[in-house]
Every structure is written in structure tokens, then in C-alpha cells.
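No lab work stands behind these numbers, since they all come straight from the coordinates. Computed from a predicted model, the values in this text were never measured in an experiment. With ideal geometry, Cβ positions are generated from the backbone for all residues, glycine too; neighbour counts draw on all protein chains shown.
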Amino acid sequence: MATATSHFAREQTVLNDLEVSFPNFTGNGLSWVNNPDDPPDFLAQGPGGAYGLELREWLDGDQMTEAQGRDKQRRRLIDDVLGTGWEKEYQPKNITLATIEPYWGKKIASKEEAPLRQEFYKCVAEVDRTWFTNPERHAPTNRYHQMEFPAYPLMSAYFQTIIYLGGGPPVAFWFQAEQDGGAFDSSVPIQTLEESLEDKLVKFAKADWQTRLAKHNLVEHYLLIHGGWNAYKSNTPYQPLRLEDIAKRGAEFYAAHPQRDLFNRVWFFDSLDSADDVNALVGLPAGSGRVRWLAQVWPTFIVYVGSKER
């Protein structure tokens, strides 16, 4: 029951966000309520009877699973191995932020955790104290990529790179592990959208799903594919493609699908809030990176007025 409630809460948040950003996005004044007897996920009463809305997240499941493993490793490294007693360790004066890229998938041996922590703070102290006497470390971008750790064997074993951002003073918690991003492959975000569409089309083409749906006597049945923080954090980044490029390919895929008539209308919605604390740190204006973008991909392709991507 807790899982179902959590799933509903996430979908309700997405729908609320969509309706705030694009009021009356369906154009027929529908007011959606959760359907405990799904499918569909939401129901609304409108012209002529009941309408249904099904939601599906724009995610690559394999990438998501791998990202969850990296997130566990990231939290172990930062919170436990390096974060234990960090307030009592060396605090840099010239380094604002240190971002560590570990060897992903390599578990730190328990007996090496404390010595690795000692090496890390000793190494940071050396870099920090020589920041302004070593031009490689502060000029011209106030960044330093440390890719070798000859004096620190455990760091060499577990860390690929540390990227230092200078300019001080440090942020409150001044070290972190590299976040997910990955190499850009323009086909992956498009394939992910196509797979999200395919998933719902295959499911609703099955007789048992149609039987469950039929008892609601729907006038029309809609589908919303939505992206957000999970896709941004865990999946291949879509830029330099535009969301419009991806949505158009999704629209072409859907239009050619033999089960396309299972849904009367289909939308693609992407939503991401800006990280203004990070924006301030790197000198970007507040709101940079905020996304609220909506397109109808079926039966006609339309980008909604007011759509904004980074």
C-alpha cells in the first residue's frame, strides 16, 4: 500500500505541476482526480462522459538501475568514508568546491577507509596551500583537474580525478562526488521516449487491460509521458538536442505505430527546477536551468505556448 501511495503522490505532483504551468492543457476544462481502480491513473468528467489520463515516466530503466548503484557508492564515499568527522579535518581557504570522480563500481575495503580519508585531507591541504603559487591550479579559470596522485596510493586506487573550483571561501560542505551525466549519444533520449510510448501501447493492446479500461466507459483516453529530476540525474543528457527535436521523433514513431488509436491524445512534458544555490556558486542568474516544456505528439504535433527549456 505504501508503494502505491508513493507512486500516486509522485504522479499527482507531476500533474499538479503540469496544470500550474499549462492550465487547461487538454483544452476542454477537465479536472482530474486519482483513480484507485486504475487503469487509467486519473479520471475526469467532461463533455459526454468520463475521460482517462495515463502517465508514464521518460526513463531508461537500465540507466536508472546503474545510476542507483552509483548513487549508493556516492553516498557511501561522501557521507561515511570522507564525511566522518569532516568538521575536525583540514578546511580549505582557497578551494570552494572539490568534486571527486571515483572508479565507479569499485568498493572501498573497510580497512582502507580511514587511511583513504587521511590521504584525502592531506592532499587537499597541499593543493589549497599552494593554490596561488602554482599557476596550473588557479589561472586562468580558477579550476584545477588533479588526475594523478603519486604520493597517495589509496587515492590512486579509488579516485580517477578531483576537480577543484577555487575562489573561496568554501561552500558549507565543500566536497562532493561527481553526479551522473555520461557521454552524449543523441539516439538514447529519443529511444527512451519511443520505449516509453511503446510500453504503454503494448500494455493497453492486451485484452485484459482493455477489459479493465472498458468498465470506466471512457469518452477519450489520454497519455502523458513526463520527464524531470530522475531523467536529468540518471539518464543520458539530451542536449545539444532540443526537447522539440526529441518530441518530433516521438511523434513520428507514434504516428507509425499500429496501436496508435489506443490513445486519443498524447503529450510529452518535461519539468525541472533550477538549482539556484549552484547557479550562485558558478555565477549564473537565478532560474538558469529551469524547464517547463510541453508538446502534444498525437494526433498533431504542437509545442505549447510558454514552453521553456534551459
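Taking each residue as 0.36 nm, the span from ALA50 to GLU87 lengthens on full extension beyond its C-alpha to C-alpha distance by 7.5 nm. A simple count of charges around TRP32, restricted to other residues whose Cβ falls under 12 Å of its Cβ and scoring Lys, Arg +1 and Asp, Glu -1, yields -4. What you get for segment 92-173, charging only the Cβ of Lys and Arg (+1) and of Asp and Glu (-1), is a dipole of about 140 debye around the Cα centre. The slack in the chain from ALA214 to ASN134, taken as 0.36 nm per residue of separation less the alpha-carbon distance, amounts to 21.6 nm. Between ARG143 and PHE173, the modelled label-to-label distance comes to 2.3 nm, taking each label 7 Å out from Cα in the direction of the beta carbon. Site pair LYS308 and ALA114 shows an inter-label distance of 5.2 nm when each label is modelled 7 Å from Cα along Cα→Cβ. For LEU55, LEU201, the sequence from fewest to most other C-beta atoms within 10 Å is LEU201, LEU55.
A cut-off under 10 angstrom between Cβ atoms defines the neighbours of ALA295, and their net charge, with Lys, Arg +1 and Asp, Glu -1, is -1.
Quick one: length gained pulling HIS7 to ASP273 fully straight, 0.36 nm per residue minus the C-alpha distance?
93.7 nm
Each of TYR103, TYR164 was scored by other Cβ atoms within 10 Å of its Cβ. Listed from fewest to most, they are TYR103, TYR164. Applying 1/(1 + (r/R0)^6) with R0 = 51 Å to the Cβ-Cβ distance of GLU198 and LYS107 gives a FRET efficiency near 0.90. Charge tally for ASN94 (other residues, Cβ to Cβ under 15 Å; Lys, Arg +1; Asp, Glu -1): +1.
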